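Q: One structure is given below, represented as structure tokens, and several questions about it will come after.
The values are calculated or read from the model by the stated rules, or taken from the named source; none is laboratory data. Source: prediction; values computed, not measured. We place every Cβ from the backbone using ideal geometry, glycine too, and count neighbours over all the protein chains shown. Areas reflect the complete protein model, heavy atoms only, side chains present, ligands, DNA and RNA absent. Shrake-Rupley method; radii C 1.70, N 1.55, O 1.52, S 1.80 Å.
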Amino acid sequence: MSARLLDGKALAARVRGELADQVRGLARAPGLAVVLVGEDPASRVYVRNKARAAEAMGLVHRQIDLPADTTQARLLEVVRALGDDPAIDGILVQFPLPPHLSQAAVLDAIPVAKDVDGLTTASLGLLAQGRPGLVACTPKGCMRLLDEAGAVLEGAHAVVVGRSNIVGRPMAMLLEQANATVTVCHSRTRDLPAVCRTADILVVGVGRPELVRADWVAPGAVVIDVGINRKADGRLCGDVATDEVAEVASAVTPVPGGVGPMTIAMLLANTVESALARGA
Ligand code: GUN
């Protein structure tokens, strides 16, 4: 292997340590509320990891578990109450929601100042306009990893595979604001491997196990793998065939231990940022 493996676990631990120091200096502990509707097993694991990280860092952590048959009106009532609660600086409603609930309506009930997920219309609008605001955790974590890798973004060609509101769209905006030239690819992109081969920076978040192969990657490219998939044998893998891509790229994030830990660290960072902005 010639590529550097970008250790998101170690970087996240460093970020969390710095945040814990910052929290100790505040007049009050920042508060994070996580709302989980239903019993989706993967969501339960994600929420548990977020809770542990928040508590370890000294945040006030409140988890609201609602049954799968919760009505839209009840969920909006819960979110609005958290919006009015002065002890709560950040609100995260875990997705996916049960199909009878509107994700858009729930997101837009979260006040922009408490949108630590960076997913509301207002937060994405601020980002699109290059104005200050809370930025979605996964793309924010990817930018920190690129910074840590020493990747030169100015003038680089960045290719983002995936156009979701959670990853691809905000990622493309952040890369463009860092003066990269950005191409966004998706399921209808013609000759995706050829486009990926033109990337200095390649960010992939589509949920397709080991989609990106060595011959998709230009020698020396930096590859950020946002995917977390489970293989038939139960092991985790990303959207990138890491072992073979590492023979070609200059740096690549592993799965697990790459982007995932950074997403949680950035959620904590956003909660602290929100608390500071709200006078903590
Ligand atoms: N489900 C999977 N990823 C996310 C995320 O980043 N935020 C929320 N709210 N739900 C998710």
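Q: Which condition from (1) within 14 Å of the ligand (Cβ to nearest atom); (2) free of Cβ contacts under 8 Å to residues at least 24 places away in the same chain; (3) touching a strand residue (DSSP E or B) at 6+ places or on another chain (Cβ under 9 Å) is the one that Ala42 breaks?
A: (3)
Q: So, one more: Confirm whether Asp89 is of a type outside the set (A, V, I, L, M), in contact (Cβ under 8 Å) with a residue 12 or more places away in the chain and out of contact with any Ser or Thr (no Cβ under 7 Å at 6 or more places or on another chain). Steps first, answer last, please.
A: Details: of a type outside the set (A, V, I, L, M): yes; in contact (Cβ under 8 Å) with a residue 12 or more places away in the chain: yes; out of contact with any Ser or Thr (no Cβ under 7 Å at 6 or more places or on another chain): no.
Considered against the rule, which asks whether it is of a type outside the set (A, V, I, L, M), in contact (Cβ under 8 Å) with a residue 12 or more places away in the chain and out of contact with any Ser or Thr (no Cβ under 7 Å at 6 or more places or on another chain), Asp89 comes out as no.
Q: Do we have any residue at all in the range 89-97 that's closer than 20 Å to Val47 by Cα and among the small types (Gly, Ala, Ser)?
A: So the first thing to find is which residues in the range 89-97 are closer than 20 Å to Val47 by Cα, and the list is 89-97.
Filter again for among the small types (Gly, Ala, Ser), leaving 90.
Within the range 89-97, one or more residues are closer than 20 Å to Val47 by Cα and among the small types (Gly, Ala, Ser).
Q: Also, I was wondering about something else. Within the range 125-149, work out how many residues are over 18 Å from Gly31 (Cβ atoms), in contact (Cβ under 8 Å) with a residue 40 or more places away in the chain and open to solvent by less than 30 Å² (accessible area, probe 1.4 Å).
A: Step one: of the range 125-149, the residues over 18 Å from Gly31 (Cβ atoms) are 125-133, 135-136, 138-149.
Checking the rest, the ones that are also in contact (Cβ under 8 Å) with a residue 40 or more places away in the chain come to 127-128, 130, 135, 138, 140-142, 144-146, 148-149.
If we keep only those that are open to solvent by less than 30 Å² (accessible area, probe 1.4 Å) too, we end up with 127, 135, 138, 141-142, 145-146, 149.
The total comes to 8.
Q: If you take the residues of the range 113-126 that are of a type outside the set (Asp, Glu) and within 15 Å of the ligand (Cβ to nearest atom), which of them is nearest to Ala178 (Cα to Cα)? Write out each step before concluding.
A: Residues of the range 113-126 of a type outside the set (Asp, Glu): 113-114, 116, 118-126.
After this cut, where a residue has to be within 15 Å of the ligand (Cβ to nearest atom) as well, the list is 114, 116, 118-121, 123-124.
Working: Lys114: 25, Val116: 22, Gly118: 18, Leu119: 20, Thr120: 22, Thr121: 22, Ser123: 18, Leu124: 17 Å.
Of everything passing the filter in the range 113-126, Leu124 is nearest to Ala178 (Cα to Cα).
Q: Has the range 15-33 got at least one residue that is closer than 26 Å to Val226 by Cα, open to solvent by 40 Å² or more (accessible area, probe 1.4 Å) and either outside any loop (DSSP other than H, G, I, E, B) or in contact with an Asp or Glu (Cβ under 7 Å, 6 or more places away or on another chain) (or both)?
A: Scanning the range 15-33, I find at least one residue that is closer than 26 Å to Val226 by Cα, open to solvent by 40 Å² or more (accessible area, probe 1.4 Å) and either outside any loop (DSSP other than H, G, I, E, B) or in contact with an Asp or Glu (Cβ under 7 Å, 6 or more places away or on another chain) (or both), so the answer is yes.
Q: Pairs, please: C-beta under 9 Å, at least 6 apart or cross-chain, first residue assigned to a strand (DSSP E or B) and in the range 65-79, second open to solvent by 50 Å² or more (accessible area, probe 1.4 Å)?
A: From the range 65-79, the pairs are Leu66/Arg74.
Q: Something else about it: For the range 83-111, what are the residues that are away from the ligand (no atom under 15 Å from the Cβ) and either within 18 Å of Ala269 (Cα to Cα) or part of a strand (DSSP E or B) (or both)?
A: Matches in the range 83-111: Ala87, Ile88, Asp89, Pro111.
Q: Mind telling me which of the residues Arg169, Arg80 ends up being among the basic types (Lys, Arg) and within 16 Å of the ligand (Cβ to nearest atom)? Steps first, please.
A: Numbers: Arg80 fails: within 16 Å of the ligand (Cβ to nearest atom).
None of the others qualify; the one that does is Arg169.
One line per residue, one yes/no per condition, for (1) of a type outside the set (S, T, N, Q); (2) within 18 Å of Gly260 (Cβ to Cβ):
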{"residue": "Asp147", "(1), (2)": "yes, yes"}
{"residue": "Ala156", "(1), (2)": "yes, no"}
{"residue": "Asn179", "(1), (2)": "no, no"}
{"residue": "Arg188", "(1), (2)": "yes, no"}
{"residue": "Val195", "(1), (2)": "yes, no"}
{"residue": "Asp200", "(1), (2)": "yes, no"}
{"residue": "Val204", "(1), (2)": "yes, yes"}
{"residue": "Arg213", "(1), (2)": "yes, no"}
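Q: Here's a follow-up. Pick out, from the range 177-280, the helices (runs of 4 or more DSSP H) lying fully within it that include 3 or more residues that are open to solvent by less than 30 Å² (accessible area, probe 1.4 Å) and either β-branched (Val, Ile, Thr) or within 30 Å of Leu59 (Cα to Cα) (or both). Please lay out each step first, then the result.
A: Details: elements: 192-196, 242-245, 259-277.
It comes to 259-277.
Q: Mind telling me which of the residues Asn179, Asn229 ends up being of a type outside the set (A, V, I, L, M), under 21 Å from Pro139 (Cα atoms) and over 19 Å from the mean Cα position of the chain (by Cα)? Give the steps one after another, and end with the answer.
A: On the way: Asn229 fails: over 19 Å from the mean Cα position of the chain (by Cα).
Exactly one of Asn179, Asn229 is of a type outside the set (A, V, I, L, M), under 21 Å from Pro139 (Cα atoms) and over 19 Å from the mean Cα position of the chain (by Cα), namely Asn179.
Q: Which condition number in (1) within 15 Å of the ligand (Cβ to nearest atom); (2) buried (at least 19 other Cβ atoms within 10 Å of the Cβ); (3) within 19 Å of Ala275 (Cα to Cα) is the one that Ala51 fails?
A: Exception for Ala51: condition (2).
Q: Still on this structure, please answer the following. List the residue pairs whose Cβ atoms are under 6 Å apart, where the first residue sits in the range 160-185 and is over 23 Å from Val93 (Cβ atoms) and touching a residue at least 12 places away in the same chain (Cβ under 8 Å), the second is part of a loop (DSSP other than H, G, I, E, B) and open to solvent by less than 40 Å² (accessible area, probe 1.4 Å), and the two are 6 or more positions apart or on different chains.
A: As it stands, the answer is Ala178/Leu153; Ala180/Leu153; Ala180/Ala156, since those pairs meet every condition given.
Q: Still on this model: Listed residues Val79, Val35; which is more than 19 Å from the chain's Cα centre (by Cα) and more than 24 Å from Met143 (Cα to Cα)?
A: Working: Val35 fails: more than 19 Å from the chain's Cα centre (by Cα).
Just one listed residue meets the conditions, Val79.
Q: Given the structure, is Thr253 under 20 Å from the mean Cα position of the chain (by Cα), within 16 Å of the ligand (Cβ to nearest atom), within 19 Å of Gly205 (Cβ to Cβ) and among the polar types (S, T, N, Q)? Please lay out each step first, then the result.
A: Working: under 20 Å from the mean Cα position of the chain (by Cα): yes; within 16 Å of the ligand (Cβ to nearest atom): no; within 19 Å of Gly205 (Cβ to Cβ): yes; among the polar types (S, T, N, Q): yes.
Criteria not met by Thr253.
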